[in-house]
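Heads up, the thing below is written out as structure tokens.
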């Protein structure tokens, strides 16, 4: 991560799509002898600041991993709290997000979560559907393997209905069937709390994303941490499997 006060973000070379695995809420709370729920609440405050920072910088797309298909294995009381926290976040922040031209989209099977959550989600999506500013994607009850399976099912139906010929299938067609269809793949994937794994998040889409892992726990993640990650991204040579002008590996 960048730490020099002389390093600044190059606005002309911003990532077009930033993805974040928000990790460390529980550890943050444990360090402070608090229940895990307080870590999740503190993490929600960090999410608000991160969305604001992305919007101010002019990043077109932000995708965050809010709740995975595996998170249902957690204690029911924690799951219930996370769902209520989502309702609270959307209810309190949606008008400001809408005023700032943010468009909200959900990735995952959110129609199986509690009905009161679905109501808030639908209202947020509907209210912001015509906005053309920051696209704020929330991966909720999401797993990348399931996303790929769902895309494969859609593809099979299209082939069965003779909408697509097998010989025409390519990456662009398949990508269009994913939840991110029509969006560029993430350029930058940030993971907090120092874990060195991608945790079933956007597996297809992050094939060539630059990974920046920070030891900072998510509730402590600040807009400056976001800028530092972007600066680190801007220092990388993105070769996409090829070579730049020099003959290196």
>> Taking the beta-carbon count within 10 Å as an exposure proxy, list 70, 78 from fewest neighbours to most.
In response: 70, 78
>> Once you order the gyration tensor axes a ≥ b ≥ c over the Cα atoms, which shape class does segment 124-166 get: rounded for a/c under 1.5, otherwise prolate or oblate by comparing a/b with b/c?
In response: oblate
>> Relative contact order of segment 1-129, please, whole-number percent, based on alpha carbon pairs below 8 angstrom and at least 6 residues apart.
In response: 23
>> For a quick check: sort 65, 89, 174 by the number of other beta carbons within 10 angstrom, fewest at the front.
In response: 174, 89, 65
> Which of the peptides 159-165, 16-22, 47-53 is most tightly packed, and how do the rest follow, going by the mean number of other Cβ atoms within 10 Å of each residue?
Replying inline: 16-22, 47-53, 159-165
> Looking at segment 1-145, what % of its DSSP beta bridges pair antiparallel, to the nearest 5?
Replying inline: 0
> How high is the relative contact order of the chain, given as a whole-number percent (alpha carbon pairs under 8 Å, six or more residues apart)?
Replying inline: 30
> Using the Cα gyration tensor of segment 43-162, with a ≥ b ≥ c the square roots of its eigenvalues, what is the shape: rounded (a/c below 1.5), prolate (a/b larger than b/c) or oblate (neither)?
Replying inline: oblate
>> How would segment 1-68 be classified by its alpha-carbon gyration tensor: rounded, prolate or oblate, with rounded meaning a/c under 1.5 and the a/b versus b/c comparison settling the rest?
In response: prolate
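Taken together, the values in this text are just the output of simple stated rules run on the coordinates, not laboratory data. The structure presented is a predicted model; accordingly, all values stated were derived computationally and were not measured. With ideal geometry, Cβ positions are generated from the backbone for all residues, glycine too; neighbour counts draw on all protein chains shown.
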